[in-house]
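A short worksheet on the structure shown next.
The values are calculated or read from the model by the stated rules, or taken from the named source; none is laboratory data. Source: prediction; values computed, not measured. Virtual Cβ from ideal backbone geometry, glycine too; neighbours counted across all protein chains shown. Quick note on the areas: whole protein, heavy atoms, side chains included, nothing else; ligands and nucleic acids left out. Shrake-Rupley method; radii C 1.70, N 1.55, O 1.52, S 1.80 Å.
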Amino acid sequence: MHESGEMYLETILILGIKRNMVRAVDVAEEMRISKASVSRALGRLKDEQCIIVDGNGHIAFTQKGRSIAEKIYERHQVLTEILMALGVDRETATADACKMEHDISDATFDAMKQHLKLKKT
């Protein structure tokens with residue numbers, strides 16, 4: 001999955017946490033991009049069996065899509081927390097975590113998560 005697909009899935013997850021139903025227009029507003037771009041991206045996500053869209057335009061995850069979205073969201077949260085623990089301000093930490101979450105290896109991320117857990121105890 002490309003970074004852009006992961007960003008769409010993460011956005012859908014975050015919007016779903018805030019409200020019951022998520023539609024393409026909600027994604028476009030949240031990401032500040034055109035509805036046409038969102039429509040193309042959602043079509044790719046449907047083709048990749050990550051989402052389904054019902055007759056009313058409501059977006060729902062498949063198991064595969066939810067798994068990817070939750071993985072990226074967790075990475076974003078943990079990386080933001082680690083960067084803030086290093087003294088980075090929240091706004092910068094959040095922006096940097098967004099860039100890092102797509103490229104960091106599972107091994108490195110797991111080590112960072114473990115380090116954060118140890119630091120909290």
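At-a-glance table
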{"item": "Subset of the stretch 75-99 (residues that are touching a Phe, Trp or Tyr at 6+ places or on another chain (Cβ under 9 Å) and open to solvent by 30 Å² or more (accessible area, probe 1.4 Å))", "result": "none"}
{"item": "In the stretch 10-54, residue most open to solvent (accessible area, probe 1.4 Å) [restricted to those that are among the acidic types (Asp, Glu) and under 14 Å from the mean Cα position of the chain (by Cα)]", "result": "GLU30"}
{"item": "Matching residues, the stretch 103-121, being surrounded by 11 or more Cβ atoms within 10 Å (Cβ to Cβ) and not in a helix (DSSP H, G or I)", "result": "ILE104"}
{"item": "Residues of the stretch 93-118 satisfying the condition of being more than 17 Å from the chain's Cα centre (by Cα) and of a type in the set (S, T, N, Q)", "result": "THR108, GLN114"}
